[in-house]
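The values are calculated or read from the model by the stated rules, or taken from the named source; none is laboratory data. Computed from a predicted model, the values in this text were never measured in an experiment. We place every Cβ from the backbone using ideal geometry, glycine too, and count neighbours over all the protein chains shown.
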């Protein structure tokens, strides 16, 4: 395979990194006069086009001695991540205009996106780690880019916890390498499938460490401590990127490492990692939802709710581990719909905080009358996060929970009981927010209008939430083909 | 045809959503047109329904969700049998009635009618679903309209009541969902007909747990003591039309779910627990009636009487025999019309007097002859006067239950005595006695919409009371297969 062919397989990543470089260079030559927004969007469009090209030509294969792989699984996430980055780019226009380092902001966003796409393609522990750290470093800076005390605190907290988790992850990787004698995921899969009983405990330890390191990225309990402060302190566009893109990429790599590396059910440790994720899921959901009830700041509320939602996805991971055939596609379907709904909520929150300069829930009172379109979409996306029909969130939860029951393990039924009761708890705070928007008297009568592109984004998110709630077939079949690529 | 019944109100709601705010006066006419069409269609469905044909009729079916691997196939499947056809008719009738009694709603009418119509679609969907997941979807779909209707257009502690309603329902249905998923795995399908034909013999968790998980949602919805506390709050604070729908059709979702899903799919467990169910029923009947006796608010009084009356439904269910099950199904229909009418008249009286406190009301029959007479008719029907529909249903339940559960039946008969007590007492307080000067200015129900809705409801009550076969032929054909399954052991 020629060098060109190898780079072709990671083409979208190259485009994103290249775009970031070009953006910074232009800004260096002509400070503050570079068309940074246009350049960022152009880069994302090019990367999207490249991904589309891969999808249409059915590209598949490995490159760089098996370090990266191009398959439908990677394509699924490439589309998702680039779309999220584009949405955040547009939604952050006003934030970037006020900021004196807009170029750095967009460049870092592109770097982080590129690294995430690479992460979903990584097929080797080394490339996983490199992509993960590139993502993380870009995001540390992004979290601290606001330059106020809170943003700096957020950046520092994120950096410190990130460093610890990277160390833990690396330790797990080292153990895996020591056991399997290779860093390639297929090699590790072969080792696990061979069923070396004598090293079972070491293998479990290795995977617990890996799960802990990645748990930080997924924002599952008990590795969630950074989430509320970082989500609240970071500039809202950055928060939305962390909550949507970073989380999706984290689950992608977890699926790749655990599912491709360990196979579904039937290996010597599949019960152990199923139990591991079941506990993580139960704790994340219960803790996240309980804490979210108490929040009055919407960004903190979203932070805790995102911990709870990560718990929902972890239910899917536990099902995957237990050998549920529809488990993997359930996780992908959930991530797809969660992205649309969560993005819709965050874009609305960005638009509101740009206008009224507050993230307090009481300032959302009567938003429906101040900004009917934006408020309706925000409420719709909140309903989707709760899981109320006919939104896509309803089907997503149903898909994951059904996947867990279909795994055929009695104790997963109890996990689903915990999960559905948590849904009831989450309904309480999501609906309370929705109620504030719809029912309460507005504090001020002035109307709030979002910029036209932002309204377009919101409409797209709402359309996605409704469309996939009523006609889920296209997304389900995409998720299934992506999941099948892992087997 | 059944899809059309769901689409009509939904289309009306969509049309209302895009109506300009300036045209709000038109909102009620749009709602009236679409709910009338839906009612006409429900009548057509009921009339065209042939009780001699076994199985579901007018079936609309396609695969909605399918995965390459097995395990997650959800159908869009609608159909009616003798059990659901009356429920669909009831939904059509009461939805139209609720639009009519809302004729004077001034606050955000566009949204109000849109949610009301959406509620009709959701409830209709519950009664026609032939797939467990689809059933659950419609079951949950009803939450949001109810929440908003109570919390925006209600009175009193409306937001508290609305949230209480939502949380009770959602916790109950959470268990139901897990039960459905386990059943789906055990039976290899979510299709109700498939599961009914071959009830699962074993599942991941003991079937008795599955039974109670599924029943949790239904018992909360019905509601039975001790899960009834959401009902009086929701009723008292809801606007009239919503009370009508809540008592008239939403509670029936619980009874319908038991008959359609819990009994035929888990017959063994249902039989095992029938004594417990009968005991719960008897407690609900008597305790509900005792609570009713203590109420001073007219609307709360009717709300508590619903708890008592829905206890008869559960008692009929607990017999697991054809007669008792027919009685339960009849009771659902008749309670829907009777209590619906009571809420309508109480709402209309409240519109005039602005109080529902029994001690303040007196001698209203002099001022409100029409309203008063209609309320008295409905009240007498509620206490089971022969010739009116309540009698038919209750006597059928008792006939069916006497052999199966003598103790519970005899206890429940006291509920009838108490019902006579609280209804006659309330009617006497409100309508007879010296006409208070304070109410001298009241005007009777004269508006066309008031008279139409009352006439229609009285007609339904009297027709079933005088000629029960109108309903019983259909109902018996619907419960016969269920009784055959559940009574076999």
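Any idea which of B:149, B:181 is modelled with pLDDT of 90 or more and more than 10 Å from chain A (Cβ to nearest Cβ)? Spell out the reasoning first.
Values: B:181 fails: more than 10 Å from chain A (Cβ to nearest Cβ).
Of the residues listed, the single one that is modelled with pLDDT of 90 or more and more than 10 Å from chain A (Cβ to nearest Cβ) is B:149.
May I ask you to verify whether residue A:392 is within 24 Å of residue B:182 (Cα to Cα) and in contact with a helix residue (DSSP H, G or I) (Cβ under 7 Å, 6 or more places away or on another chain)? Full working, then the answer.
On the way: within 24 Å of residue B:182 (Cα to Cα): yes; in contact with a helix residue (DSSP H, G or I) (Cβ under 7 Å, 6 or more places away or on another chain): yes.
Yes, satisfied.
More than 11 Å from chain A (Cβ to nearest Cβ), more than 18 Å from residue A:431 (Cα to Cα) and within 21 Å of the chain's Cα centre (by Cα): which single residue out of B:127, B:138 fits that description?
On the way: B:138 fails: more than 11 Å from chain A (Cβ to nearest Cβ).
Every option except B:127 fails the conditions.
Which one is surrounded by the fewest Cβ atoms within 10 Å (Cβ to Cβ) among residues in region B:188-197 that are within 18 Å of residue B:269 (Cα to Cα) and in contact (Cβ under 8 Å) with a residue 24 or more places away in the chain?
B:196
Looking at region A:342-368 only, could you name the residues that are within 12 Å of residue A:299 (Cα to Cα) and outside any helix (DSSP H, G or I)?
A:358, A:359, A:360 - these are the residues of region A:342-368 that are within 12 Å of residue A:299 (Cα to Cα) and outside any helix (DSSP H, G or I).
Check region A:55-69 and report whether any residue there is surrounded by fewer than 19 Cβ atoms within 10 Å (Cβ to Cβ), at pLDDT below 90 and not in a loop (DSSP other than H, G, I, E, B).
Yes.
Just to verify a result, which residue in region B:155-171, among those that are more than 9 Å from chain A (Cβ to nearest Cβ) and surrounded by fewer than 23 Cβ atoms within 10 Å (Cβ to Cβ), is nearest to residue B:240 (Cα to Cα)?
Filtering region B:155-171 for residues that are more than 9 Å from chain A (Cβ to nearest Cβ) and surrounded by fewer than 23 Cβ atoms within 10 Å (Cβ to Cβ), the one nearest to residue B:240 (Cα to Cα) comes out as B:155.
Collect the residues in region B:198-222 that are surrounded by 24 or more Cβ atoms within 10 Å (Cβ to Cβ) and either in contact with a strand residue (DSSP E or B) (Cβ under 9 Å, 6 or more places away or on another chain) or in contact (Cβ under 8 Å) with a residue 60 or more places away in the chain (or both), keeping them in residue-number order.
Quick first cut of region B:198-222, residues surrounded by 24 or more Cβ atoms within 10 Å (Cβ to Cβ) only: B:210, B:213-215, B:217-219, B:221-222.
Scanning region B:198-222 gives B:217, B:219, B:222.
Taking helices (runs of 4 or more DSSP H) that fall entirely within region A:122-206, which contain at least 3 residues that are in contact with a strand residue (DSSP E or B) (Cβ under 9 Å, 6 or more places away or on another chain) and within 17 Å of residue A:112 (Cβ to Cβ)? Reasoning before the result, please.
Values: elements: A:125-143, A:149-180, A:185-194.
Helices (runs of 4 or more DSSP H) meeting the threshold: A:125-143.
Could you tell me which of the residues B:279, B:289, B:318, B:303 is surrounded by fewer than 20 Cβ atoms within 10 Å (Cβ to Cβ) and assigned to a helix (DSSP H, G or I)?
Matching residue, one of B:279, B:289, B:318, B:303: B:279.
Might you check whether a residue that is within 11 Å of chain B (Cβ to nearest Cβ) and outside any helix (DSSP H, G or I) occurs anywhere in region A:317-325?
So in region A:317-325, the residues within 11 Å of chain B (Cβ to nearest Cβ) come out as A:319, A:324-325.
Adding the requirement that they be outside any helix (DSSP H, G or I) leaves A:324-325.
There is at least one residue in region A:317-325 that is within 11 Å of chain B (Cβ to nearest Cβ) and outside any helix (DSSP H, G or I).
Test residue B:60 against the stated conditions and say whether it is crowded, with 20+ Cβ neighbours inside 10 Å, under 24 Å from residue B:183 (Cβ atoms) and either more than 20 Å from the chain's Cα centre (by Cα) or away from every other protein chain (no Cβ under 14 Å) (or both).
Numbers: crowded, with 20+ Cβ neighbours inside 10 Å: no; under 24 Å from residue B:183 (Cβ atoms): yes; either more than 20 Å from the chain's Cα centre (by Cα) or away from every other protein chain (no Cβ under 14 Å) (or both): yes.
Considered against the rule, which asks whether it is crowded, with 20+ Cβ neighbours inside 10 Å, under 24 Å from residue B:183 (Cβ atoms) and either more than 20 Å from the chain's Cα centre (by Cα) or away from every other protein chain (no Cβ under 14 Å) (or both), residue B:60 comes out as no.
Under the condition of being outside any helix (DSSP H, G or I) and in contact with a helix residue (DSSP H, G or I) (Cβ under 9 Å, 6 or more places away or on another chain), which residue from region A:3-39 is modelled with the highest pLDDT? First the steps, then the outcome.
Filtering region A:3-39 down to residues outside any helix (DSSP H, G or I) leaves A:10, A:30-35.
If we keep only those that are in contact with a helix residue (DSSP H, G or I) (Cβ under 9 Å, 6 or more places away or on another chain) too, we end up with A:10, A:31-35.
Working: A:10: 91, A:31: 82, A:32: 75, A:33: 77, A:34: 78, A:35: 87.
Filtering region A:3-39 for residues that are outside any helix (DSSP H, G or I) and in contact with a helix residue (DSSP H, G or I) (Cβ under 9 Å, 6 or more places away or on another chain), the one modelled with the highest pLDDT comes out as A:10.
I need the full set of residues from region B:321-338 which are part of a helix (DSSP H, G or I) and over 27 Å from residue B:239 (Cβ atoms), in order please. Don't jump to the end; show me each part of the working.
Taking region B:321-338 and keeping what is part of a helix (DSSP H, G or I), we get B:322-338.
Those that are part of a helix (DSSP H, G or I) and over 27 Å from residue B:239 (Cβ atoms): B:322, B:323, B:324, B:325, B:326, B:327, B:328, B:329, B:330.
Tell me yes or no: at least one residue of region A:319-329 is modelled with pLDDT under 95, surrounded by fewer than 24 Cβ atoms within 10 Å (Cβ to Cβ) and closer than 24 Å to residue A:84 by Cβ. Can you show your working first?
We begin by selecting, within region A:319-329, every residue modelled with pLDDT under 95; these are A:319-329.
Imposing the further condition that a residue be surrounded by fewer than 24 Cβ atoms within 10 Å (Cβ to Cβ) reduces the set to A:323, A:325.
Then drop every residue that is not closer than 24 Å to residue A:84 by Cβ, which leaves none.
Within region A:319-329, not a single residue is modelled with pLDDT under 95, surrounded by fewer than 24 Cβ atoms within 10 Å (Cβ to Cβ) and closer than 24 Å to residue A:84 by Cβ.
Only one of these is surrounded by fewer than 22 Cβ atoms within 10 Å (Cβ to Cβ), more than 14 Å from chain A (Cβ to nearest Cβ) and closer than 22 Å to residue B:106 by Cβ: B:15, B:4. Name it.
On the way: B:4 fails: closer than 22 Å to residue B:106 by Cβ.
When all the criteria are applied, what remains is B:15.
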